[in-house]
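Chemist: My questions all concern the structure below.
Where a number appears in this text, it was derived from the coordinates with a stated rule and is not lab data. These numbers come from a predicted model, not from an experiment. When we count neighbours, we look across all protein chains shown, and the Cβ atoms used for this are built from the backbone with ideal geometry, even at glycine.
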Amino acid sequence: MASVYVLGSLKLFILILSLLELGDCINQRPLRQKNSSPKLRTYSDHRPNVKFLRNAVIKNLVDNGDKKTNNESSDSMVDIRHVDREASVSQDMVVNASYNTVYTANVSKETSWTFKYPSVKNVSLAVRVWMFSANATRNYPLLFVVEEPRGIVSWQVPLAIQDEFTTFYYNNVSRTLCPYGQLSDEEYNIVVSTFSPQLVDFTILAQSQPLDVKLSTPQNTSLGPSEPRYFRFVIPDDIDSVIVKAESKDDICMILSVQKIMCPVFDLLTNVQLRGRHQTVTRKGAITLQRSASNTNGTFFVVLVATPSDFDCRTLETVIPAANFSFDRLKNVTLIIEPSISKSEFLVAVLAVSLWFLGFYIMTFVIISIYNCMFKQGNIYYSLRRKAHTRGTPTPPPELSEQSALTSPLPAENVSSQTHGATYGTILPDLVHRVQVTGSGRAVHQRSRSQPEMLSTYSLEQAQVQGHNETEQQEESSSSTSFSSLDEDDIDMLPDADREKDVFRAKTFLYLSDLSRKSTRKLSKKINLYPWNLITLAVFYALPVIQVVLTYQKVLNRTGDEDTCYYNFDCAHPLVIPYPEFRLATFNNVFSNLGYISLGFLFLLIVYRRDHLHRIQVKQSPHLIKHYGIPQHYGLFYSMGIALTMMGVLSACYHICPSYNNFQFDTSFMYVLAWILMLRIYQTRHPDINPHAHTAFFVLALAIFFVVVGVVYGTVYFWIVFVIVYCTFYLLVSVHVYYMGRYKLNFGLFRRVYNMWRNDGICCIKPMYVDRLILLLIGNGVNWFLAIFGCVIEPPDFASYMLSIFIINLMMYFAFYIVMKIRSGERLLLIPVIFTLISVILWGFSFFFFMKHVASWQLTPALSREHNAPCMLLNFYDSHDIWHFLSSMSMFFSFNMLLTLDDDLTEIPRDTIRVF
């Protein structure tokens, strides 16, 4: 019994001691909180040292751990924590906090802390809160709830931020509280809680900081993925628009956003893209705002949010790896808001360019008027008639047949120089066909041989007599016997039609009369199909293009995502229209294409005038026009003007929203224009063998198809296929050009080669057409090199690579044409020389500005903005706009040079004009 009594007494004694200890613990808990109460620290800087906050928390944890180790046993700690939890179930710690003071405390699921901060009376200030916790976990994070006068904002520590692939956690968070409601007497309450059963330490600091940004005053700040920043700006009353610029020297990715004044502010990575206008930024970013179109009443927030990785700006994580703490990934940014262009400057820039291109119309009208006044009788066909009259040679009457003209196209005195046996362009007697008319009216060609004297020695007077005799025969037989009156289909129906073409087109020395034998009427119909086909193509192509780009612009205006389009944001001047959804973000880039449209239409007017005069002259002197000068077919010239106009239209459409998805809009008609120019140069000396319109556009369609495939699927296999197809195609075209279309590619090719080698031996290797062979060898060498070079290098921009191939071939062929024209003894008149010099100068300046890339859809939107540059002309147009102006004028003068290049041949008979 005694032992039981002693044991009971001992238990009672221990129980009393435990109760006493429990009371001491309960009484000492506030003291313990007091010992760990926040220490006052005031900072002169607006942003505290986050490393200091973290170190203070860690030091506090170490101190508390040492006290627990020295003063408490392990059993008592468990009991005390349990008792503490029980005792503090309904207990909330409330602190009347002060700004610029660091508070360090701990919290568990049984307790919570409420920090009451007074309202800020100054409307230019905002409250910014920093939180840090070293031992908060992902399973039991700290919850921070800010009770503002007009709403509630909450976040957690560690803060989870997710990019495309990874979730990043940050133990320090800083936020700026919404400044509205500052004039009221209500307080900011920050409640800290957690569901963790263990004590979680935290540090909190609140400061009042300047919120407003001044005009043209740089604002330096730093931010991290968990530390977004935003500022407020009020547009002055005397300013129409401003441009918000963000510049940085590091490559950390961030998001620049402009939002209207509204609480809460969307300043987290999860919601910053849900309001206002925003764009990704590495080193440079800019957003232009207009007072009338900003929907902010002239006041807005500028929000800066750093991303945890660089995937949004670079697609691949290649720069700075994300870290657990934001101070390891801090981005220093300089924010500056400057006034943009005013309404008056906007209007002056638009009117100046409009008047400049209107001046081309005025100058053209003045030059044509002066020319008409000075040379009323100065047209070339009047001079031909006058020369014929002064030489005593009568002008061929309308009854002059094509046969007589072919046998004697020259006056007697002009033929004496061609009486040599091997003179270029003459028609040997054994190749002349005399036309007889059968009773059925069908023309039959019979080959006759005569003495080797030149039929071209006949005079126009003899040709006139022969023409009258043939006219009488035509009346008796009621059928035509002249080549000019024969239908082309009728000629091709003859059994030896192909053999005749082989004779005329396979001559060693070709002249224009050999390749202009077809009916002028049929050739005109054939060539006139080019502009009509091009108009049809342009309409069907342009309508969906306009619909697509306007949809892009509408999406951009609705979502505010400025990564959709690749603009030069440093020089972007929007056009405000009554429909905000279709507001043009960069009107200057769109309007600068006015030169292509206006000068293209002006060139059409010039071609129409020249065509109209030609039709009048055809009625006055039909036979002179048939046998002198270059055959005038204006269908390709009309096509050049239409292509230039459409290039401006589609370029304007592309610049409404330039991007990877619609790059083809800007370049499609550049291919068309380059192709038509090559065809036009070729048609000048080869009018009878120019390709049909549908064939030409089909080849062009195949080229554009390869461009699209090359841009989208530019793999090694594509490059191999492209090199094989392109080299084969160029070789076949070369063979066609070399043999003037008379080479048949069929299964009999090898047999013909064998027979030629057996009959001629090694002599068959000697080329018949040296000039053509040199051109084609150079062309094949250059093009094969370009194809193989592209396969090896694999340029990232296949569209520009393909366009460069077109341009290089055009330049080679044009240079060959000029060289051969001079080599053939032909003259270059003053007008085309002037046009050429102006074109070369303008092209030089054009390419200089073209190489100043201000944006590139080959890069990400953020990297493209690093190339953005300020305006260069009238504070409205950038370097790419200047490229538009200069290149449009260059093309206009180049077109006029081609239009007048062969005017020196208008008085030259066609059988003396060389073909090359």
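Chemist: At a 10 angstrom cut-off on C-beta neighbours, averaged per residue, how do the peptides 767-777, 243-253 rank from highest to lowest?
Modeler: Order by mean packing, descending: 243-253, 767-777.
Chemist: Calculate the spin-label point distance for A160 paired with L702, positioning each point 7 Å from the Cα along the beta-carbon direction, and give it in nanometres.
Modeler: Using points 7 Å along Cα→Cβ, the separation is 5.8 nm.
Chemist: From the mean inverse distance of alpha carbon pairs (Kirkwood) and the Cα radius of gyration, derive Rg over Rh for segment 550-694.
Modeler: Details: Rg = 21.0 Å, Rh = 18.0 Å.
So for segment 550-694, dividing Rg by the Kirkwood Rh gives 1.16.
Chemist: If I take R0 = 41 Å and measure r between the Cβ atoms of F848 and C263 in this structure, what FRET efficiency does the formula 1/(1 + (r/R0)^6) give, to the nearest 0.05? Please report the intermediate quantities before stating the final value.
Modeler: Details: r = 51 Å, r/R0 = 1.24.
So the FRET efficiency works out to roughly 0.20.
Chemist: Multiply the residue separation of N122 and N332 by 0.36 nm, subtract the distance between their alpha-carbon atoms, and state the gained length in nm to one decimal. Walk me through the intermediate numbers first.
Modeler: Numbers: separation 210, 0.36 × 210 = 75.60 nm, distance 2.69 nm.
Between N122 and N332, full extension yields an extra 72.9 nm.
Chemist: Could I ask something else about it? Can you order the peptides 835-842, 873-880 by their average number of other Cβ atoms within 10 Å per residue, highest first?
Modeler: Per-residue Cβ counts within 10 Å, averaged per peptide and sorted highest first, yield 873-880, 835-842.
Chemist: How much FRET efficiency would the formula 1/(1 + (r/R0)^6) give for V548 and E147, where r is the Cβ-Cβ distance and R0 is 41 Å, rounded to 0.05? Can you show the working numbers first?
Modeler: Values: r = 48 Å, r/R0 = 1.18.
So, using R0 = 41 Å, E works out to roughly 0.25.
Chemist: Rounded to the nearest 0.05, what FRET efficiency is calculated for T217 and R138 with R0 set to 45 Å and r the Cβ-Cβ distance?
Modeler: Numbers: r = 42 Å, r/R0 = 0.93.
That gives a FRET efficiency of 0.60.
Chemist: Sort 806-813, 276-283 by the packing proxy (mean of other Cβ within 10 Å over each peptide's residues), most packed first.
Modeler: Details: 806-813: 15.9, 276-283: 23.4.
Highest mean packing first, the order is 276-283, 806-813.
Chemist: Also, quick follow-up: Could you check the simple spin-label distance between Y361 and Q620, using points 7 Å along Cα→Cβ, in nm with one decimal?
Modeler: Between Y361 and Q620, the label points sit 2.9 nm apart.
Chemist: Also: I'd like the Karplus ³J(HN,Hα) series for segment 356-362: coefficients 6.51, -1.76, 1.60, θ = phi - 60°, whole numbers in Hz, and an x wherever there's a Gly or Pro.
Modeler: In residue order, the calculated couplings are 4, 6, 5, x, 5, 5, 5 Hz.
Chemist: Then there is this: What is the distance in Å between the Cα centres of segment 839-916 and segment 680-717?
Modeler: 22
Chemist: While we're here: With each label point set 7 Å from Cα along the Cα-Cβ vector, what nm distance links V539 and R609?
Modeler: 2.8
Chemist: Oh, and also: Can you report the principal axis dimensions of segment 196-265 using only the alpha carbons, biggest first, rounded to whole angstrom?
Modeler: 59, 30, 18
Chemist: What pairs from K121/K343; K121/K249; K518/K821; K121/K214; K260/K852 go past 31 Å between their alpha carbons?
Modeler: Details: K121/K343 37 Å; K121/K249 36 Å; K518/K821 24 Å; K121/K214 20 Å; K260/K852 35 Å.
In this structure, K121/K343; K121/K249; K260/K852 exceed 31 Å between Cα atoms.
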